[in-house]
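Working notes, structure below.
Please treat every number below as a calculation from the coordinates, not as lab data. The model shown is predicted, which means the values in this text are computed figures rather than measured ones. Using ideal geometry, Cβ is built from the backbone for each residue, glycine included, and neighbour counts are taken over all protein chains shown.
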Amino acid sequence: MIECRALCARHGSFRLTDVSFTVPTGAYGVVIGPAGSGKTTLLETIAGIVPATAGQLFLHTRDATQLAPESRGLGLVYQHGYLFAHLSVAENIAYGAASPEAAEEAARRFGADALTGRPVRALSGGERQLVALARAFARRPSFILLDEPFSALDPRRRMIVRREVRALHRAWGLTTLQVTHDFTEAGLLGDVAILLDSGRALQSGSPEDVFRRPASRYIAEFLGAENVLAGNVRVLDDVAPDWLEGESAEIAHGYRAIEFTSGPLTLYTVGDFPVGDGYAVIRAEEIVLSPEAPVGSARNRFRGTVSELATLGALARVTVDVNGVPLVASLTTRSAKELALATGMPVTASFKAMAVHLC
Amino acid sequence: MPTATTQSTPSRAPQRIAAVFAALASSLLLLFLAVPIGKLVVSGGAAGIRQLASDAELRGALSLTAVTATVATLLGVLGGTPLAYVLARRDFRGRAVLSALLDLPLLIPHPVAGIALLLLLGRESALGGVLLGAGLRVVGTPLGIVAAMLFVAAPLFISGAREAFARVSPRYEAVARTLGDSPWRAFARVTLPLSRRGLIASAVVMWARAVSEFGAIVVLTYNPKVASVLSYDRFTSFGLREALPVAAVLALLALIPLTALRTLRGADEEVAP
């Protein structure tokens, strides 16, 4: 377990403030946030490189706040590897290795064994990352901290190495914390996602939760939510939620039917959001487009015209203008072709009440 | 197209003039720096080398210069390395003041440095008295030469070593720490080897500066004579003709650290992560 309790640290003029989150033992945590948000400083504070000025850090059940880095039982891999240029590749991997066998195994698993004959200075950025990963894993740490460790790898190698890291994480029961800019990677790898900005942890939870239920408009926009609408919340206390088909369990748990008005649009959702101003977030992939009004159970349906159609490989982003409000939908390029979507074409954009998240 | 030609022609002329002016100024400066030393070596080099065989005082002065400069450099490296490391790595109140203090010996006239050292280490001073009591006479001995060399040349080592440490990202040490090293071990196994070239180059610069020192030494220890003092002594006592071979040998001696520096810099590479 890695547990930060109101952890504070200072690195130059940058401050990490009251950072709290927990990555359970054996879980894979991902730290996401804009550049300069303090992701690397957070890892360095957990590693003990940057001293904590306040708060507590627990590694498993031990208070590690004041422990020296070498006593924390963790490995740290920086984005640039920081290989020791005065040593050979093999010596780098063996540096601090639990045993010669552990070094050999780590080198083999990350494909760094093929690089042992080459001088460190001659390695490419991606190769350096492989050696740095092998060096950290060869120590057989209990915790591993990874600062964008796959960023210099080509897509194929990235997939292989990512899989290997995940496999070792599972096999050795490692508690892992990885910084990434790649939201797909965060979703693929993470059991826990921590969103950091300006040295503060704005939100933490399962990646599903963080991505689908961002705590603020800023987080929603940072995480790439395409539809963030400002508006007003009204609780429909007296309305029988007959339109909340399949969502009655949420109501039973104290959620209420809510009407959200944003300009000419009125959306319906469920939640426990207080009455007043707020933001509605609808992810593009939740919006279904159809030439006619769909027959399904979606409560929110809006008639509009396609104002923009952008194809991004296998996916298409379609912007539908609904009375001057743009709604962005994401669908496969194939679906877009089947629907014969084109600019100016009238369509119905629909989404379920549960697809609307208020913040 | 004709428009483009008419536009570009007037803008190129001042650039050409500036380039010619820059080349001329650089060439003149280069000649000014190289010619006197070249002429000195050409005029007196051969005689100086021949004189080495017959002139025991010159041989003695040269070996005294080399030994005292080496001792001063060793002392400078020993005390300056931790200081340079702290200045490169730690952020503390008063760091700027400390840096300025360390640069001060480079800025004051060297005879003034000699006078300052005389005040501190002379027999009249408290420290000088204590040292004399312990059997250590500084003024007028090789110890005085070492003190003078250390005072004027150590700041060069500290400055260079600080730069060498600063070029090695502290993240190398961070990684070494997570791989089980204590701070000392990480320094010895990672930082020191990675900054080695810069440290050696700084030590060579310090040694060369110590060898060429005159002003502070002449105040503290005129006798026994180091090479620079001997060269001055022969010039004032016997004139240019006698001083020339000694001066030429000193100039040739400077080629040793120069060659060492060139070799080090040639092999130097950026410490990339």
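Can you sort A:Cys4, A:Cys359 from fewest to most other Cβ atoms within 10 Å of each residue's own Cβ?
Exposure proxy ranking, most exposed first: A:Cys359, A:Cys4.
Within the stretch A:90-109, whose backbone N sits under 14 Å from a point 7 Å along Cα→Cβ of A:Arg118?
Correct set: A:90.
Starting from the Kirkwood radius over alpha-carbon pairs of the stretch A:83-209, derive D by Stokes-Einstein at 20 °C in a medium of 1.002 mPa s and give it in µm² s⁻¹.
140
What whole-number distance in Å separates the alpha-carbon centres of the stretch A:305-350 and the stretch A:158-232?
Between the Cα centre of the stretch A:305-350 and that of the stretch A:158-232, the gap is 27 Å.
Add -39500 (n - 2.57) for each DSSP H run of 4 or more in chain B, then divide by its residues: what number comes out at 222 nm, to the nearest 500 deg cm²/dmol?
-27000 deg cm²/dmol
Give me the Kirkwood hydrodynamic radius of the stretch A:283-352, using the inverse of the mean 1/r over all pairs of distinct Cα atoms, in Å to one decimal.
11.7
Hydropathy at least 0.0 by Kyte-Doolittle, axial extent at least 30 angstrom from the Cα trace: which helices of chain B, defined as entire DSSP H runs, fit?
B:2-54, B:56-89, B:142-167
Where is the GNM fluctuation largest for chain A (alpha-carbon springs, 10 angstrom cutoff): A:Leu123, A:Leu189, A:Leu76?
Maximum among the listed residues: A:Leu123.
With angles folded into 0 to 90 degrees, how steeply does helix A:125-138 sit against the dominant principal axis of chain A? Use alpha carbons for both and round to 10.
Approximately 70 degrees, to the nearest ten.
Taking the dipole about the Cα centre of the protein assembly as shown, with the C-beta of Lys and Arg at +1 and of Asp and Glu at -1, give me whichever of A:Gly313, A:Pro264, B:Phe165 is farthest to the positive side.
B:Phe165
What are the ³J(HN,Hα) couplings of the stretch A:6-18, residue after residue, when phi is run through the Karplus curve with 6.51, -1.76, 1.60 and θ = phi - 60°? Round to Hz, x for glycine and proline.
6, 6, 10, 7, 10, 10, x, 8, 8, 10, 9, 10, 6
Can you tell me which lysines have their Cα less than 29 Å from the Cα of B:Lys39? Leave out same-chain residues fewer than eight positions away.
Result set, ordered by chain and number: B:Lys225.
Between A:Thr53 and A:Asp191, what length comes free when the chain is fully extended (0.36 nm per residue of separation minus the Cα-Cα distance, one decimal in nm)?
On the way: separation 138, 0.36 × 138 = 49.68 nm, distance 2.81 nm.
Gain on stretching A:Thr53 to A:Asp191: 46.9 nm.
With a ≥ b ≥ c the root eigenvalues of the C-alpha gyration tensor of chain A, is it rounded (a/c under 1.5), prolate (a/b larger than b/c) or oblate?
prolate
Can you tell me what percent of all Cα-Cα pairs in the stretch B:100-224 are more than 25 Å apart?
Roughly 42 percent, rounded to a whole number.
Where is the GNM fluctuation largest for chain B (alpha-carbon springs, 10 angstrom cutoff): B:Thr65, B:Thr178, B:Thr263?
Sorting by GNM fluctuation, first place goes to B:Thr178.
Rounded to the nearest 20 debye, what is the charge dipole size of the stretch A:2-217 about its Cα centre when +1 sits on each Lys and Arg Cβ and -1 on each Asp and Glu Cβ?
So the dipole magnitude of the stretch A:2-217 works out to roughly 220 debye.
For the stretch A:286-359, state which GluC sites (Glu not before Pro) are in a DSSP loop and have at most 11 other beta carbons lying within 10 Å of their beta carbon.
A:Glu292
Hey, got the Cα dimensions of the protein assembly as shown along the principal axes, in Å, largest first?
Projected onto its principal axes, the Cα set of the protein assembly as shown covers 116, 78, 50 Å.
Based on other C-beta atoms within 10 Å, arrange A:Glu105, B:Glu242, A:Glu44 from fewest to most.
Ascending Cβ contact count within 10 Å gives the list B:Glu242, A:Glu105, A:Glu44.
Going toward the positive end of the dipole of the protein assembly as shown, with +1 on Lys and Arg Cβ and -1 on Asp and Glu Cβ, which of A:Ser335, A:Ile287, A:Ala171 do you reach last?
Sorting the options by dipole projection puts first A:Ala171.
Modelled label-to-label distance, B:Val42 and A:Trp172, 7 Å Cα→beta-carbon offset: nm?
Those two pseudo-labels are separated by 6.8 nm.
If you place +1 on the Cβ of every Lys and Arg and -1 on the Cβ of every Asp and Glu, how big does the dipole about the Cα centre of the protein assembly as shown come out, in debye to the nearest 20?
Dipole about the Cα centre, nearest 20: 2420 debye.
Taking every eigenvalue of the Cα gyration tensor of the stretch B:42-267, multiplying by 5 and rooting it, what semi-axes result, largest first, whole Å?
36, 23, 14
Give me the distance in nm between label points sitting 7 Å out from Cα along the Cα-to-Cβ direction at A:Ser13 and B:Phe32, one decimal.
With each label point 7 Å from Cα toward Cβ, the separation is 4.0 nm.
Take the alpha-carbon centre of the stretch A:1-64, take the same for the stretch B:21-92, and report the distance between them in whole Å.
51
About its Cα centre, how strong a charge dipole does the stretch A:19-102 have in debye, to the nearest 20, once Lys and Arg get +1 and Asp and Glu get -1 at the Cβ?
Using Cβ point charges on Lys, Arg, Asp and Glu, the stretch A:19-102 gives about 240 debye.
Fewest first, what order do A:Tyr279, A:Tyr255, A:Tyr218 take by the number of other Cβ atoms within 10 Å?
Ascending number of Cβ neighbours within 10 Å: A:Tyr218, A:Tyr255, A:Tyr279.
Explain nothing, just compute: Karplus ³J(HN,Hα) = 6.51 cos²θ - 1.76 cosθ + 1.60, θ = phi - 60°, for every residue of the stretch A:302-312 in order, whole Hz, x for Gly and Pro.
9, 8, x, 10, 5, 9, 8, 9, 10, 9, 10
Rounded to the nearest 10 degrees, what's the angle between the helix A:155-171 long axis and the longest principal axis of chain A, both from Cα atoms, 0 to 90?
It is inclined by approximately 70 degrees.
Could you give the nm distance between label points at B:Ala134 and B:Leu264, where each point is 7 Å from its Cα heading toward the beta carbon?
Output for this residue pair reads 3.0 nm.
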